[in-house]
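Just below is one structure, and these are the notes that go with it.
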Amino acid sequence: MPKVLISDALSETAVQIFRARGIDVEYAPELGKDRDRLIAAIGEFDGLAVRSATKASAPVIKAGKNLKVIGRAGIGVDNIDLPAATAAGVVVMNTPYGNAITTAEHAIALMFALARQIPQANESTHAGRWEKNRFMGVELYGKTLGIIGCGNIGSIVADRAIGMKMHVIAYDPFLTDGRAVELGVEKVELDELLKRADIISLHAPLTEQTRNILSAENIARTKKGVFIVNCARGGLIDEDALKDALDSGHVAGAGLDVFAVEPANEHPLFGHERVVATPHLGASTREAQENVAIQIAEQMADFLLRGAVTNA
Ligand code: MLT
């Protein structure tokens, strides 16, 4: 009977699915935060199921003498050492769709939070200051939303934004003309997006091509007063350059769910009056966590029991 270790907090449904499929499963979310214990434990398992806290680094993979598959209940696999997994013949799979709606909704929530300064107004109102004149907002209606990365999540953001009567432009080298028409977005080059967008929302994976896609140079090309939303990966933005642009007022506000280094317990942008920050909550809804747990358990079981590879 194959054995799977779940080393992050995954929905209980994943455990039930593994058991129902005849897989021996150990649920030990504390191991994801303890590298040495994970290395000591991993040797007896055929599969490792993780979210983002577990770092499936080269030493972890090397210690996994029986390891055949690592399943990421979520989209990004940046917490898994892919070259080490490939070298060890370990299949890495993810769940590209299960949390897409939830993450898109978080991006939209951050757009509204910025446009109407909701976190700041909430704090002020709770503090007993009735600062009605301080919080003049802007409408999203009629504004141009620039989406960088128009895949699973970006396309849902586009759909919701079109529903709010925004004009959506998208930069994505993989977006075909036909798909752009189908989505109702205007496909543009990055330079044009930077120049035209009132709000920029990032939905690209972090790769060598996309790292610091919002560099100092590119931020300088944006419209004065732009809002920037990032629910993708921290490394997509040069955070020092963003701070300078927020300080100067060139960027009117940033809604950040992700940071270059996580967990981010301290950050130069924390406490900034134009920044709305959340602790990588993009995928944190009951529905999304249930979806990704079910999907990863089924996929890993399919692989371990009959060699079927999905989303690898
Ligand atoms: C993902 O890659 O699926 C998201 O960033 C969510 C997460 O890491 O929890």
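What GluC sites (Glu not before Pro) does the stretch 262-295 have in DSSP loop regions with at most 10 other beta carbons within 10 Å? Passing sites in the stretch 262-295 are 266, 273. Note on the stretch 160-282: with charges restricted to the Cβ of Lys and Arg (+1) and Asp and Glu (-1), its dipole about the Cα centre is near 420 debye.
In the chain, the longest principal axis of the Cα atoms and the axis of helix 286-306 are about 30 degrees apart.
For the chain, set up a Gaussian network in which alpha carbons nearer than 10 Å are linked by springs, and say which option among 79, 99, 265 fluctuates the most. It is 265. When the charge dipole of the stretch 100-277 is built from unit charges on Cβ atoms (+1 for Lys and Arg, -1 for Asp and Glu) and taken about the Cα centre, the candidate among 205, 246, 112 whose Cα reaches farthest toward its positive end is 112. Of the DSSP beta bridges with both residues in the stretch 100-277, give the percent that are antiparallel, rounding to the nearest 5. In the stretch 100-277, approximately 0 percent of DSSP beta bridges are antiparallel ones.
When the Gaussian network model of the chain links Cα atoms closer than 10 Å, the mean-square fluctuations of 184, 76, 271 top out at 271.
By the gyration tensor of its Cα atoms, with a ≥ b ≥ c the square roots of the eigenvalues, what is the shape of the stretch 17-58: rounded for a/c under 1.5, prolate for a/b over b/c, or oblate? Judged from the Cα gyration tensor, the stretch 17-58 comes out prolate (a/c at least 1.5, a/b above b/c).
Please give the helix 239-248 orientation as an angle from the longest Cα principal axis of the chain, in degrees from 0 to 90, rounded to the nearest 10. That helix lies at roughly 20 degrees to the long axis. Rounding to the nearest 10 and keeping the result within 0 to 90°, find how far the Cα-based axis of helix 100-116 lies from the longest principal axis of the chain. Taking the Cα atoms of the chain, the angle to 100-116 is about 30 degrees. Residue ranges 299-311, 108-120 sort as 108-120, 299-311 when ordered by packing (mean number of other C-beta atoms within 10 Å per residue, highest first). Rounded, prolate or oblate: which fits the stretch 165-312, taking a ≥ b ≥ c as square roots of the Cα gyration tensor eigenvalues, rounded meaning a/c under 1.5, else prolate when a/b beats b/c? Here the stretch 165-312 falls in the oblate category.
Within the set 33/243; 33/62; 165/187; 195/243; 165/243, which residue pairs have Cα atoms separated by over 21 Å?
As for pairs spanning more than 21 Å Cα to Cα, those are 33/243; 165/243.
Other residues with beta-carbon under 12 Å from the beta-carbon of residue 44 carry, at +1 per Lys or Arg and -1 per Asp or Glu, a net charge of -1. Shape analysis of the chain places it in the prolate category; the axes a ≥ b ≥ c from the Cα gyration tensor give an a/c of at least 1.5, with a/b above b/c.
Every number in this text was worked out from the coordinates using simple rules, so none of it is lab data. From a predicted model like this one, the values you see are computed outputs, not experimental measurements. Virtual Cβ from ideal backbone geometry, glycine too; neighbours counted across all protein chains shown.
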